[in-house]
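A.B. asks: Just passing along the structure, written as structure tokens.
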Amino acid sequence: MIGRLNHIAIAVPDLATAAAKYRDLLGAHVGQPIVLPEHGVTVVFIDTGNSKVELLEPLGAGSPIAVFLAKNPAGGMHHICFEVPDILAAAAMLTASGARVLGDGKPKTGAHGLPVLFLHPKDFDGTLIELEQVAS
Ligand code: CO
């Protein structure tokens, strides 16, 4: 069902500092910050050619990233994102198998303007998994 790895997301305490490290120390192609109030984050994407790294900084009160950073003050890997051709079909198959979709179970619009949803980390070996619908 899942396709290619779309991105690996890392929660960071300071987005500008983290983005500068990837740009200046690692020589990566670093994008502009994208503000996503619906998700409570500001993100920067780093294109690694075969995939992307998504740096996440908390935005606003009640950001899910703020909770993560309270437990991991230095930052850390937050989620991995796989592409799927049909997110509603994927969600239906997963929930029928007992996996939990976070939130109200319905896809939201993600950082690329495409439908995304998240699967409960306890159902996937402690890893938060994002699915993104990408036209094939
Ligand atoms: Co993501």
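The values are calculated or read from the model by the stated rules, or taken from the named source; none is laboratory data. This one's a predicted model, so the numbers in the text were calculated from it and none came from an experiment. In this analysis, Cβ positions are derived from the backbone assuming ideal geometry, glycine residues included, and neighbour counts consider all displayed protein chains. In case anyone asks, the SASA skips ligands and DNA or RNA and just uses the protein heavy atoms, side chains included. Shrake-Rupley method; radii C 1.70, N 1.55, O 1.52, S 1.80 Å.
A.B. asks: Report, in whole Å, the centroid distance computed from the Cα atoms of segment 63-128 and segment 6-43.
C.D. replies: Cα centroid of segment 63-128 versus Cα centroid of segment 6-43: 18 Å apart.
A.B. asks: Something else about it: For the chain, taking Cα atoms only, what is the radius of gyration to one decimal and the Dmax to the nearest whole Å?
C.D. replies: Using the Cα atoms of the chain, the pair Rg, Dmax is 14.7, 46 Å.
A.B. asks: Which of rounded, prolate, oblate describes segment 1-76, given a ≥ b ≥ c as roots of the alpha-carbon gyration tensor eigenvalues and a/c under 1.5 marking rounded, otherwise prolate only if a/b is larger than b/c? All intermediate terms of the calculation are to be shown ahead of the outcome.
C.D. replies: Details: a/c = 1.74, a/b = 1.27, b/c = 1.37.
Because a/c hits 1.5 or more and a/b fails to exceed b/c, segment 1-76 counts as oblate.
A.B. asks: Moving on. Using Cα pairs closer than 8 Å and at least 6 residues apart in sequence, work out the relative contact order for segment 40-123, in percent.
C.D. replies: Numbers: 78 pairs, mean separation 14.9, N = 84.
Relative contact order comes out at 18 percent.
A.B. asks: Any idea what angle helix 87-96 forms with the longest principal axis of the chain, computed on alpha-carbon atoms, 0 to 90 degrees, nearest 10?
C.D. replies: Approximately 60 degrees, to the nearest 10.
A.B. asks: Quick one: if the Förster radius is 22 Å, what FRET efficiency do residue 120 and residue 48 give, using the C-beta to C-beta distance and rounding to 0.05? Can you show the working numbers first?
C.D. replies: Values: r = 27 Å, r/R0 = 1.24.
Given R0 = 22 Å and the Cβ-Cβ separation, E is 0.20.
A.B. asks: For the chain, what is the mean residue ellipticity at 222 nm derived from helices alone (per DSSP H run of n ≥ 4: -39500 (n - 2.57); sum divided by total residues; nearest 500 deg cm²/dmol)?
C.D. replies: The helix contribution divided over the chain gives -4500 deg cm²/dmol.
A.B. asks: Could you do me a favour and compute the accessible area per residue for the chain, 1.4 Å probe, result in Å²? Spell out each step's value before the answer.
C.D. replies: Details: 7400 Å² over 136 residues.
Counting only protein heavy atoms, the per-residue value for the chain is 54 Å².
A.B. asks: Using a 1.4 angstrom probe on heavy atoms only, work out the carbon and sulfur share of the accessible area of segment 5-133 in %.
C.D. replies: Working: 4050 of 6770 Å².
Solvent-exposed carbon and sulfur of segment 5-133 make up 60 percent of the total.
A.B. asks: Let me ask something else about it. How would you classify segment 76-136 from its alpha-carbon gyration tensor, with a ≥ b ≥ c the square roots of the eigenvalues: rounded for a/c under 1.5, else prolate if a/b is greater than b/c, otherwise oblate? Intermediate results must be reported in sequence, preceding the final value.
C.D. replies: Working: a/c = 1.71, a/b = 1.14, b/c = 1.50.
Oblate.
A.B. asks: In addition: Between residue 25 and residue 71, what FRET efficiency comes out of the Förster formula 1/(1 + (r/R0)^6) with R0 = 22 Å and r the beta carbon distance, rounded to 0.05? Present the calculation step by step, with values, prior to reporting the outcome.
C.D. replies: Numbers: r = 26 Å, r/R0 = 1.18.
The value I calculate is 0.25.
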